[in-house]
Amino acid sequence: MSTSTPPAAREAPRFLAGARGDVRGARPWHRLAHIARALPAALRRLAADLQVGDTGRVLDFGCADMPYRDFFAPGAEVVGADLPGNPRAAVTIAPDGSVPVADASFDAVLSTQVLEHVEDPARYLAECHRVLRPGGRMLLSTHGLMVWHPDPVDHWRWTCSGLRKAVQDAGLEIVRFEGIMGLAATGLQFFQDAVYWRLPVPLRAPFALLCQGLVALADRVEPRASKDLNALVFAVVARRP
Ligand SMILES: C[S@@+](CC[C@H](N)C(=O)[O-])C[C@H]1O[C@@H](n2cnc3c(N)ncnc32)[C@H](O)[C@@H]1O
């Protein structure tokens, strides 16, 4: 069996940021409208748990265009790290996945929608641990249930227990764990994603508008405890002991 890019690659949406455009602030008829609102709102709330303060240092590890810079005070130093070729990144990640910064040199690590794209998640999380000072905190979000979306690759998905284990295995203590966009909403999202690209272009926006309305409604009524078990995105705040 071939290991080359699957033929459906053309249909794979890049998630929130990427070459096909940034969908943060997406209009209600965008196919990712609900999660494009729900995820940044949840991350902003959870970023307060990083306790960065007015002058802390934050590593945005896999930063793309650093969409969440404004979560932190203007006096905080937010350093972007990314693969070669990103002009927004002050630090370039080495081919082995390491970040050329000193041990324990950051108060916080921000990692949003990166873990599913890295070659070696354990290596990536070990780097998060290494760069954090003792007592420093990480906010990491990644996908529980989500369609395939390469950027430049897309390798991994997580269960609630699997992500907790991966973070703990890296030597970090979990402070908070949340699911964002629950199972009913995600099921509707999957139905939309399976049908959307097969529709004639003029029907796509009205179809997505209808689906995203249902997604938002389903997400509103799903209990928090259920979302924490099965969700499109999991977010974790963890602390280096
Ligand atoms: C979907 S984007 C997310 C970007 C940004 N954090 C956000 O939330 O919009 C994935 C990012 O992970 C980066 N990335 C891919 N492999 C990586 C690795 N091994 N280490 C760090 N970043 C990586 C990509 O270059 C890209 O910037």
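Structure notes:
- Net charge in the neighbourhood of Phe72 (other residues with Cβ under 12 Å of its Cβ; Lys, Arg +1, Asp, Glu -1) is -2.
- Computed from Cα atoms, the angle from the helix 183-196 axis to the main principal axis of the chain rounds to 60 degrees.
- Distance between modelled label sites at Phe207 and Arg224, nm, 7 Å Cα→Cβ extension: 3.7
- Cα long-axis angle, helix 160-169 against the chain (0 to 90 degrees, to the nearest 10): 20
- Within the chain, helix-based [θ] at 222 nm, where runs of 4 or more DSSP H residues each add -39,500 (n - 2.57), nearest 500: -10000 deg cm²/dmol
- Percent of Cα pairs in the range 108-163 per distance bin of 10 Å, from zero to the largest separation: 23, 53, 21, 2.
- Using a Förster distance of 22 Å, the FRET efficiency for Ser105-Arg37 (Cβ separation, nearest 0.05): 0.05
- Each part gets one Cα centre, and for the range 33-62 versus the range 179-241 those centres are 20 Å apart.
- Rounded to 10°, Cα long-axis angle of helix 201-221 versus longest principal axis of the chain: 60
- Kirkwood radius for the range 63-168, taken over all pairs of different Cα atoms as the inverse mean of 1/r, rounds to 14.6 Å.
- Restricting the chymotrypsin sites (Phe, Trp or Tyr not before Pro) of the range 180-241 to loop positions (DSSP other than H, G, I, E, B) with no more than 14 neighbouring Cβ atoms within 10 Å leaves Trp197.
- The chain shape via C-alpha gyration tensor axes, a/c threshold 1.5: prolate
- Protection proxy ranking, peptides 212-223, 84-95, average beta carbon neighbours within 10 Å, highest first: 212-223, 84-95
- Most mobile listed residue (Pro28, Pro40, Pro74) in the chain, GNM with C-alpha springs under 10 Å: Pro74
- Amide hydrogen neighbours beyond the local backbone of Val78, cut-off 5 Å, H modeled: Val58
Quick note: the coordinates plus some simple rules give every number you see, no bench work behind them. All values reported here derive from a predicted model rather than from experimental measurement. Positions of Cβ are backbone-derived with ideal geometry, glycine not excepted, and every protein chain shown enters the neighbour counts.
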